[in-house]
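In what follows, a single structure is set out as structure tokens and then discussed.
The values are calculated or read from the model by the stated rules, or taken from the named source; none is laboratory data. Predicted model, so just to flag it, every value in this text is computed and none were measured. Neighbour counts are summed over all protein chains in view; Cβ atoms, including those assigned to glycine, are modelled from backbone coordinates with ideal geometry.
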Protein chains: 2
Amino acid sequence: MIPADGLKLIFCFGLNIFCWSGACVSFFFFFFCTAKMNTLGLVTLRVCAGLMGRRTLHVLPRLQRSSSGMTIPQIDEEVARLLQLKAQLDGDDGKQTFVLKTPKGTRDYNPKQMAIREKVFNTIFNCFKRHGAETIDTPVFELKETLTGKYGEDSKLIYDLKDQGGELLSLRYDLTVPFARYLAMNKITNIKRYHIAKVYRRDNPAMTRGRYREFYQCDFDIAGQYDPMIPDAECLKIVHEILSELELGDFRIKVNDRRILDGMFAVCGVPDEKFRTVCSTVDKLDKLPWEEVKNEMVKEKGLPEEVADQIGGYVSLQGGMDLVERLLEDPKLSKSSDAVAGLKDIKQLFVYLQLFRITDKVAFDLSLARGLDYYTGVIYEAILTQAGVPQTQDPQNGPGVEEASVSVGSIAGGGRYDGLVGMFDPKGRKVPCVGVSIGIERIFSIMEQKAETSAEKVRTTETQVMVASAQKNLLEERLKLTAELWDAGVKAEVMYKKNPKLLSQLQHCEDTGIPLVAILGEQELKDGVVKLRNVTTREELNIPRDSLIEEIKKRTADC
Amino acid sequence: MIPADGLKLIFCFGLNIFCWSGACVSFFFFFFCTAKMNTLGLVTLRVCAGLMGRRTLHVLPRLQRSSSGMTIPQIDEEVARLLQLKAQLDGDDGKQTFVLKTPKGTRDYNPKQMAIREKVFNTIFNCFKRHGAETIDTPVFELKETLTGKYGEDSKLIYDLKDQGGELLSLRYDLTVPFARYLAMNKITNIKRYHIAKVYRRDNPAMTRGRYREFYQCDFDIAGQYDPMIPDAECLKIVHEILSELELGDFRIKVNDRRILDGMFAVCGVPDEKFRTVCSTVDKLDKLPWEEVKNEMVKEKGLPEEVADQIGGYVSLQGGMDLVERLLEDPKLSKSSDAVAGLKDIKQLFVYLQLFRITDKVAFDLSLARGLDYYTGVIYEAILTQAGVPQTQDPQNGPGVEEASVSVGSIAGGGRYDGLVGMFDPKGRKVPCVGVSIGIERIFSIMEQKAETSAEKVRTTETQVMVASAQKNLLEERLKLTAELWDAGVKAEVMYKKNPKLLSQLQHCEDTGIPLVAILGEQELKDGVVKLRNVTTREELNIPRDSLIEEIKKRTADC
């Protein structure tokens, strides 16, 4: 078997070591064997072993860590690759155990929830229309770059689409950035628009409290160069109208201004480059006690303790026009032109809010920060203050919140973002914008809970009449009459059975709230009438077929 | 430099050859050098070269080819990986040129388009509600496995989300599969529901003809075990009502049954395992002439020419009840129990359609196949037959289409899918379903085109009155009155300027169709009146402030 000139064999083992930096070091072990048969028939084996190392740069995506210690989604990417590889090694991917569920953090709406949703939407639509707003719609995904650099630390929550060739896409994270993109793309400088649509965040869902990964946003925005604070005041008026009409319980609207926050940071000694990140920390005051927020400022964001304490002194303040006046006189804060500009605008805002008669619900609150990067001026947030509605987080426990009312989380929020459209405009032309987003998922949760406890039944259809029969072989007559009713615009149902029992037809009416039953029988057909039955009172009356439609419409006019 | 015992060097070159099947063959070339310095100082070099081949299975995802010659999206996956690698080698990905656009195949809806969309939706909602349907909503993405194996060859068009850790997700491809998942998950056996929402397909967009990658579907489905063909007939009635009400021009509804197709394939000699793929080919008859379809059957699907010709004989048939009767007598077709069952159901269907008085628009058409895998019984498709509406494809040119009317593409379609829910049920329990999907994007296109050519202006807001002033310094009075109107439910607008010109306020009313202007001036304020101006007639009348709201509501009652 061994040829005369000997047999050469090479064995090679490869070992790849992937480093944290994304580099790859490959080691190759070689075994070089020469087998020779000598003339005596004995086999001599000579084995040489070798080792080679090779460093490959960036075979893996570089793993970057954000300042909060989190790694960016590129880790997930590598995980994906490995999982995929695993699935391939396993053979067929995904056939192991099929789970019948909606994706994490999402939900279906059943007909009852849809009925509640429709009612809430109608209240909100009507409010927006009352204020003369138009509506637009944008795609559910945007070019990935459109969303890049708009959300600060929250960017890690963006859903990306798989690159299946073509453009890189991400699901929209809010409706504001697509709105700004729309304005820039179409060179629109003035619009008052609302937009109700779903947005997507890979957040930790808390679904019992109305927080989902897919959720509706409900935005109203005013774009255009106008006299200060007039559109801003209208946004607050809208929040006030919607929350009042929906009867969700008592609420309060906190108002602040990014320029006041920036001015405050400046006079307290926060370095410029830390404004945004410290702002994110202040934003947590509605969920965390001051001590924890301070801790994050000092330990994570690297602020000296005395700077944090100075900030603590300011963010504990809340009040009305009086507080604005007081801060305009504040020896430290008044040195910041940013803060003064912000305070003057807040003062003007309060004048308009007084005209709109809504100042009773509005408080100037220096702890309000709002997480998003794009705000440039006034910011606001509405919270429900009544107990008995689902809580979102730990009760607010910030410094200086003296009143006993317990915050139950944000239900609306917004502010001024004068720079966002300019980020999309090739020439950087600015379109000042102000807007508000209604936290409609929380509203759904509250309304659903209310419906649960209420005695009133939620109807999921609007059917006015059921076409029924007590006798057999009348399917064709029932279908004929039903079609006549449909053609006349009457909301009608018929059972899809040849010979259904009258009782089951009546039961269906009881179950779904259908008020009337049109009963056909041999005798009625002969007489040219239909027996019209009131489901609640059980009264029955023969109605001439010719006037049936009119009679049904009359009886259900208030449905 | 060379040690006494010699220097050993190994060079290794690797060459990977990736095969079409997804396997990888790696060749390693080894150069094994031994350098020895002899006692004379001369260096002897011994070089051995070696070659090793290794077959690695499935290093790449297996590349499957669909029967139409297309590869499944796993190619895209590999492309994605390579693009990503390239981007990393390039340094920063995506910062090269930022393009201000919506993703390929998607569009924004501007306020005018939204106004048209709302009108179309209302017509359709009203129809669904008239038929007693409930509505549900499902998440925009589903678990990837939920969509797996439901769409046959079209699966390659599914959008996947990037794996960012957690579940593998895909955007919904239609509303039918999520509906079936919803029924199975909630163990619902009876429901009549509609669902209007966006779905996603990585198709080649033809946007001028109303075909997008993101588009609305508008589905009505009836689930439940009922007597045959009654819910099926209602679906066709709904298509008839909606297309009639929207006044899109003349239309026709083609009807067929999957079992008739299967029976036809069987008696023509198509092997069982080719039924679905040949069905996909037949489905192209509305876009391609018979010769090309036949060509695909013979050349791509491997059918003998005489089999294709026999199919050609059947698929050229269309008619009404008479054709059904004739085919029930057909010596060949009547041998298939499948075909006979289908024909009997079509016959029953026509009886109900007669009761609904819509047979004038319905034709039994053996060329109708519908692409999707999940249909099990009756199938149907509505087409607009009138010229003057945008064409989707080449005019239909199938065999035996005798009438002169030119097909302008599908506007609605659906059918019975009795097996789909069972695919999700752990115990395989079946819930028979039948449904229809309205091609609402094409309807939008047609309506938008109509609005373009119409003289009537599309209003994008519903504002009833503009609160204006001819004099300076009346902003606060204007805001106060506007708030009063809003609080009374009047749709009102006010300009966000301290001192706008009356002309620009009036111009805004003209532009946006606001019918009334409430004009405030020093004198009016003193007299306790408001000057109410009709924008069209320019008539002005002083109205006491107390009765202003009533007067506005009266004048705009018909708006």
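For this structure, a couple of remarks:
- Region A:184-227, residues that are of a type in the set (Val, Ile, Thr) and touching an Asp or Glu at 6+ places or on another chain (Cβ under 6 Å): A:Val199
- 1 or more residues under 27 Å from B:Tyr226 (Cα atoms) and among the polar types (S, T, N, Q): qualifying helices (runs of 4 or more DSSP H) within region B:295-355: B:337-355
- Listed conditions (1) away from chain B (no Cβ under 14 Å); (2) more than 22 Å from A:Arg276 (Cβ to Cβ); (3) not basic (Lys, Arg) are all met by A:Leu353, apart from (1).
- Among the residues of this structure, B:Glu234 counts as one that is among the acidic types (Asp, Glu), surrounded by 23 or more Cβ atoms within 10 Å (Cβ to Cβ) and at the interface with chain A (Cβ under 9 Å from one of its Cβ atoms).
- Considering only residues in region B:509-528 that are more than 25 Å from A:Val239 (Cβ to Cβ), within 12 Å of chain A (Cβ to nearest Cβ) and of a type outside the set (A, V, I, L, M, F, W, C), the one that is surrounded by the most Cβ atoms within 10 Å (Cβ to Cβ) turns out to be B:Gly513.
- All of A:Val467, A:Val434 fail the test of being within 14 Å of chain B (Cβ to nearest Cβ) and in contact with a Pro (Cβ under 9 Å, 6 or more places away or on another chain), apart from A:Val434.
- Of everything in region A:447-474 that is among the acidic types (Asp, Glu) and either outside any loop (DSSP other than H, G, I, E, B) or in contact with a Cys (Cβ under 6 Å, 6 or more places away or on another chain) (or both), the residue that is farthest from A:Leu506 (Cα to Cα) is A:Glu448.
- Residue ID - farthest from the chain's Cα centre (by Cα), chosen from residues in region A:160-178 that are within 14 Å of A:Thr146 (Cβ to Cβ) and at the interface with another protein chain (Cβ under 10 Å from one of its Cβ atoms): A:Glu167
- For region A:179-216, a residue qualifies if it is part of a loop (DSSP other than H, G, I, E, B), of a type in the set (D, E, K, R) and within 9 Å of the chain's Cα centre (by Cα), and the qualifying residues are A:Arg201, A:Arg213.
- Residues of region B:296-319 classified as closer than 23 Å to B:Glu381 by Cβ and surrounded by fewer than 16 Cβ atoms within 10 Å (Cβ to Cβ), total: 2
- The strands (runs of 3 or more DSSP E) located wholly in region B:501-559 that include 1 or more residues which are within 46 Å of the chain's Cα centre (by Cα) occupy B:516-520, B:529-534.
- Yes/no for B:Val270 being β-branched (Val, Ile, Thr), out of contact with any helix residue (DSSP H, G or I) (no Cβ under 6 Å at 6 or more places or on another chain) and within 25 Å of B:Ile346 (Cα to Cα): no
- Test result for B:Ala133, farther than 30 Å from B:Met423 by Cβ, touching a strand residue (DSSP E or B) at 6+ places or on another chain (Cβ under 9 Å), at pLDDT 95 or above and hydrophobic (A, V, I, L, M, F, W, C): no
- For region A:244-268, the tally of residues that are outside any helix (DSSP H, G or I) and either modelled with pLDDT under 95 or within 20 Å of A:Met447 (Cα to Cα) (or both) stands at 7.
- Looking across region B:217-230, the residues that are at the interface with chain A (Cβ under 10 Å from one of its Cβ atoms) and buried (at least 21 other Cβ atoms within 10 Å of the Cβ) come down to B:Ile222, B:Met229, B:Ile230.
- Residue match in region A:148-159 (condition: at the interface with chain B (Cβ under 8 Å from one of its Cβ atoms) and either surrounded by fewer than 21 Cβ atoms within 10 Å (Cβ to Cβ) or hydrophobic (A, V, I, L, M, F, W, C) (or both)): yes
For (1) surrounded by 17 or more Cβ atoms within 10 Å (Cβ to Cβ); (2) closer than 30 Å to A:Asn126 by Cβ; (3) not aliphatic (A, V, I, L, M), each residue gets a yes or a no:
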| site | (1), (2), (3) |
| --- | --- |
| B:Val421 | yes, no, no |
| B:Lys457 | no, yes, yes |
| B:Val490 | yes, yes, no |
| B:Met495 | yes, yes, no |
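- Within region A:102-116, if we keep just the residues that are facing another protein chain (nearest Cβ under 8 Å) and basic (Lys, Arg), the residue that is nearest to A:Leu157 (Cα to Cα) turns out to be A:Lys104.
- A:Gly342, sole failed condition from (1) among the small types (Gly, Ala, Ser); (2) modelled with pLDDT of 95 or more; (3) closer than 30 Å to B:Leu485 by Cβ: (3)
- Test for A:Phe275: is it touching a helix residue (DSSP H, G or I) at 6+ places or on another chain (Cβ under 8 Å), without any contact (Cβ under 8 Å) to a residue 24 or more places away in the chain, assigned to a helix (DSSP H, G or I) and of a type in the set (Phe, Trp, Tyr): yes
- Answer from B:Arg442, B:Arg478 - the residue that is surrounded by 17 or more Cβ atoms within 10 Å (Cβ to Cβ), within 29 Å of B:Ile116 (Cβ to Cβ) and touching a residue at least 24 places away in the same chain (Cβ under 8 Å): B:Arg442
- Test: residue in region B:305-314 that is touching a Cys at 6+ places or on another chain (Cβ under 7 Å) and polar (S, T, N, Q): yes
- For region B:123-147, a residue qualifies if it is more than 7 Å from chain A (Cβ to nearest Cβ) and closer than 17 Å to B:Glu441 by Cβ, and the qualifying residues are B:Thr123, B:Ile124, B:Phe125.
- Pairs are defined by a Cβ separation below 7 Å, a sequence spacing of at least 6 or placement on different chains, a first member in region A:279-290 that is modelled with pLDDT of 85 or more, and a second member that is in a loop (DSSP other than H, G, I, E, B) and of a type in the set (S, T, N, Q); the pairs so defined are A:Val282/A:Ser367; A:Leu285/A:Ser367; A:Pro289/A:Asn397.
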